[in-house]
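Have a look at the structure below before the remarks.
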Amino acid sequence: MDIENTVLDILTDLTGNDDLKDTMDLDLFETGILDSMATVQMLLELQGQLDIEVPVSEFERTEWATPNKIIAKVKELQ
Amino acid sequence: MMRAHIIERIDTIAINQPQTVAYQYGAEQHTYADLKTASDRIAHFIQAQALPAGAPVIVFGGQQFEMVATFLGAVKAGHAYIPVEQHSDAERIQQIESVAQPAAVLSWVPEAQLTVKGPVYSATTLAETIATGATDYDQSQQVSGDANFYIIFTSGTTGLPKGVQISENNLLSFVQWANPTFGVADNSRVLIQAPYSFDLSVMDLYPGLCSGATLVILEKEVTNNFKQLFEVLPTLKVNEWVSTPSFVEICLLAPTFDSQHYPELTQFVFCGEELTHQTALKLLERFPETKIFNTYGPTEATVAMTSIEITADLLAQYDRLPIGYTKSDTKTLVVDEQNQVVAADQPGELLISGPSVSKGYLNNSDKTTAAFFEKDGQRFYHSGDLVTQDQSGLIFYKGRTDFQVKMHGYRIELEEIDHHLGQLPQVKQACTVPRYNKAHQVTQLIAYVVPNADQTGDATLTKTLKAALAENTMDYMIPQRFVYQTQLPLSVNGKVDRKALITEVNGNA
C-alpha cells in the first residue's frame, strides 16, 4: 500500500473520522481530533508500519498538523 | 510522629526556611515565605466576605502558583476547596455548583464568563489581595480533623458529577504514609504534571509542601507540544517524578529519556491507571538506578493506599504487575457479591477501610449509601475494582466490577456517556464500549448508536454528535469512533448487552 493510504488508514483508525481524505488540510490539533495520546499512538503506528524513525524531540506540532503535512513528513523521513 | 496539622506543617517550613523555593512554574519561582503570605492574604480576604460557615468554595484556574495559594487560603479561612480546571465546560461548572452549593467561586481565569448563582471573585480582585492584602485571619476557623479539606468531583452515572469529600484527617493519613514511603526530602524537586482537578496532583502536592520540597510544574501547554516538552523536561531537574503511566510512555519515545540525560531523577511514582510490564521494563532499562513505585487508590480513599517498588526481580516474576501492599493504617478485604471474604488468589471486589477513606459524596446520600457501608463494625468503601490478593497480602488489579474504565488516567463511566448520547435528539439508543490494546489499556472509546429514523448514520452525524457531546461533557469522555446500527444486541434480561459489544470490539482476549 502507498504512503498516502497507509497514513490515512492509521489516522482513520485513531480518530474514527472516516472522511479525512476529503479534508486533507484540516488542522487535526486545533480541531481536537488528535490529542497528545493519540499523537503518540500515531507516531508508533507510523514507525511500525512504514519503518521510519520519528525523532519525537523534534516533533513540532505545526509541521504535523494536517493529513497532507503528515504525509509530506513521512515521505521526508523515509 | 506528632500529628501536626497540614497547614501548620507548611507554615512551619515558611518560618524556618523562608527562602526555600516552594513552587516553580515556567520562569516564575515562589518561596515558602511567598506561599505563606499569599495564602494568609487570601484567608483574610475570604473571612472578610463573611461567607456561610463551612460551605466549600470553587477554585477555578490552571496550574499557576496562585491556585495553590488559594487552596491553602480557603482552608485557613475555614472552607474546603473544590478545584475546577480552567478548560472545564460551562455545563460541568454549573453541575458542580448545583451539587456543591458553594459559598463562592474564586476564579484565576482572566475574563472568565461564569454563570453561577453565588459570588465570583475575579482574578483581578484576587491578584490585588495577594499583592497588598492584610495577612491576619482568625486561625480558629481553620479546617481541621473531620472537616472537609478538599472536594474532588468525578463523573457520576446519572450525568451528575459526584463530589468526593476529603477531610484533613483523610489527607493526613495519606501524607504520613507517602512521605516515608516515597522519601520526598527537604529541598528535593518533585514534578506536578496532573491538573489540580485530578487527585493525582495531590500525590506530591501535600507530601511535597509538608516536607519543604520544591514543586516543579509541567504546564499542560508544554506537555501537549512534544518538541517543547523535550526542550523543557531536562531543564526541570526533577528528583521525584509523579505521573500517569501514559505520560511517561510519551517521554519514553525520546531516546534521550534516560539516566544519562536525567541524572537527578531518583524515583518514579505512578498512579491513576495500570502500569504495564512493558513500560516498567523499558524504564528500568533506561534508568537502572532509579526506583519505580507502582501505586493504586481510588479518589475516595485519598489518592493512593497501596504501593510496591517495581524491581527487576518483580518484573521477572509477574507478567501483569501487582498494585502493591495496603498501607499500614488501612484494611483491605477481597469479597464476593455477598461481601464474604474470598480465599487467597481468588478474584473479588476490593473493599477499603481506614483513616483515609472519605466520609462520602457531598450532598448525595443515595450514592454515599450505595458505595460506603458497615461490615463487622467497620466502615468500608466499595472500590468496584476486581482484584486478587495472594497469601502475603500482595494485590493484583484485574478490572472493574462495573462499567467504569480508565483512559489516559481519566475515570470514565461508560453509562454516563450513554446517558448523554441518549439525550440527543438524533439518537434513539447508544452503548459505549472501550477498545483495549495488548497491555489491557483503554486506547479508544467506541459508541454504538442506533440513530432515530430520520437520521443517516454517516460521518456528518458523527460530527454533529461529537459537537453536541462537547457542550456538556469533558473532552476525554467523547468517543473517538461512532458505529451506527439498526439495533443493539440485548442480554437475557433485556438490557443492552455491553459485554457482547466489548467482545465484538476486542475479541475474546
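The values are calculated or read from the model by the stated rules, or taken from the named source; none is laboratory data. Being a predicted model, the structure only gives us computed values, none of them experimental. As a convention, Cβ positions derive from the backbone with ideal geometry for all residues, glycine included, and neighbour counts pool all protein chains shown. Ligands, DNA and RNA are excluded from the accessible area calculation, which covers all protein heavy atoms including side chains. Shrake-Rupley method; radii C 1.70, N 1.55, O 1.52, S 1.80 Å.
Can you tell me which residue within region B:442-458, out of those that are over 26 Å from the mean Cα position of the chain (by Cα) and open to solvent by less than 30 Å² (accessible area, probe 1.4 Å), is farthest from the other protein chains (Cβ to nearest Cβ)?
Per the stated criteria, the residue is B:Val450.
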Just need a number here: residues in region A:1-30 that are in a loop (DSSP other than H, G, I, E, B), over 18 Å from B:Val222 (Cα atoms) and without any contact (Cβ under 8 Å) to a residue 40 or more places away in the chain. 7
Please work out if A:Asp9 is exposed (fewer than 15 other Cβ atoms within 10 Å of the Cβ), among the charged types (D, E, K, R), under 26 Å from B:Tyr484 (Cα atoms) and facing chain B (nearest Cβ under 9 Å). no
So in region B:323-379, with the set limited to residues that are more than 24 Å from B:Trp177 (Cα to Cα) and of a type in the set (Gly, Ala, Ser), which one is surrounded by the fewest Cβ atoms within 10 Å (Cβ to Cβ)? B:Gly377
I'd like to check something: does region B:241-255 contain any residue that is touching a helix residue (DSSP H, G or I) at 6+ places or on another chain (Cβ under 8 Å), modelled with pLDDT of 95 or more and open to solvent by 10 Å² or more (accessible area, probe 1.4 Å)? no
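Counting just the residues of region B:459-474 that are open to solvent by 40 Å² or more (accessible area, probe 1.4 Å) and either over 30 Å from the mean Cα position of the chain (by Cα) or without any contact (Cβ under 8 Å) to a residue 40 or more places away in the chain (or both), which one comes out farthest from B:Gln404 (Cα to Cα)? Write out each step before concluding.
First, pick out the residues of region B:459-474 that are open to solvent by 40 Å² or more (accessible area, probe 1.4 Å): B:460, B:463-464, B:466-467, B:470-472.
In the following step, the residues that additionally are either over 30 Å from the mean Cα position of the chain (by Cα) or without any contact (Cβ under 8 Å) to a residue 40 or more places away in the chain (or both) were identified as B:460, B:463-464, B:466-467.
Numbers: B:Thr460: 29, B:Lys463: 25, B:Thr464: 25, B:Lys466: 20, B:Ala467: 23 Å.
Only one residue tops the list, namely B:Thr460.
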Any residue in region B:390-412 that is within 27 Å of A:Asp35 (Cα to Cα) and open to solvent by less than 10 Å² (accessible area, probe 1.4 Å) sitting within a Cβ distance under 6 Å of a residue that is assigned to a loop (DSSP other than H, G, I, E, B) and charged (D, E, K, R)? List the pairs, counting only those 6 or more apart or interchain. B:Gly409/B:Glu273
More than 19 Å from the chain's Cα centre (by Cα) and at pLDDT 95 or above, is that true of B:Pro322? yes
Could you give every pair whose Cβ atoms fall below 9 Å, whose first residue belongs to region B:206-231 and is more than 20 Å from A:Leu43 (Cα to Cα) and of a type in the set (Ser, Thr, Tyr), and whose second residue is open to solvent by 40 Å² or more (accessible area, probe 1.4 Å) and outside any helix (DSSP H, G or I), counting only separations of at least 6 or pairs across chains? B:Ser211/B:Ala185; B:Ser211/B:Asp186; B:Thr214/B:Gln29; B:Thr214/B:Asn187; B:Thr214/B:Arg189
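Kindly evaluate B:Ala53 against the criterion of being modelled with pLDDT under 95 and over 17 Å from B:Trp108 (Cβ atoms).
Values: modelled with pLDDT under 95: yes; over 17 Å from B:Trp108 (Cβ atoms): yes.
In short, yes.
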Across region A:14-28, what is the number of residues that are under 11 Å from the mean Cα position of the chain (by Cα) and at the interface with chain B (Cβ under 9 Å from one of its Cβ atoms)? 2
Within region B:173-195, residues under 14 Å from the mean Cα position of the chain (by Cα) and open to solvent by 10 Å² or more (accessible area, probe 1.4 Å) come out as B:Gln193, B:Pro195
Answer yes or no: is there a residue in region B:423-433 that is within 14 Å of chain A (Cβ to nearest Cβ), buried (at least 18 other Cβ atoms within 10 Å of the Cβ), touching a helix residue (DSSP H, G or I) at 6+ places or on another chain (Cβ under 8 Å) and of a type in the set (Val, Ile, Thr). yes
Could you tell me whether A:Val74 is β-branched (Val, Ile, Thr) and without any contact (Cβ under 8 Å) to a residue 40 or more places away in the chain? no
So how many residues does region B:246-272 have that are within 11 Å of chain A (Cβ to nearest Cβ) and either touching an Asp or Glu at 6+ places or on another chain (Cβ under 9 Å) or among the aromatic types (Phe, Trp, Tyr) (or both)? 3
Name every residue in region A:40-70 that is within 12 Å of chain B (Cβ to nearest Cβ), in contact with a helix residue (DSSP H, G or I) (Cβ under 9 Å, 6 or more places away or on another chain) and under 18 Å from A:Ile3 (Cα atoms), in order of residue number. A:Gln41, A:Met42, A:Leu43, A:Glu45, A:Leu46, A:Glu53, A:Val54, A:Glu63, A:Trp64
If a residue has to be hydroxyl-bearing (Ser, Thr, Tyr) and crowded, with 22+ Cβ neighbours inside 10 Å to count, how many in region B:280-298 make the cut? 2
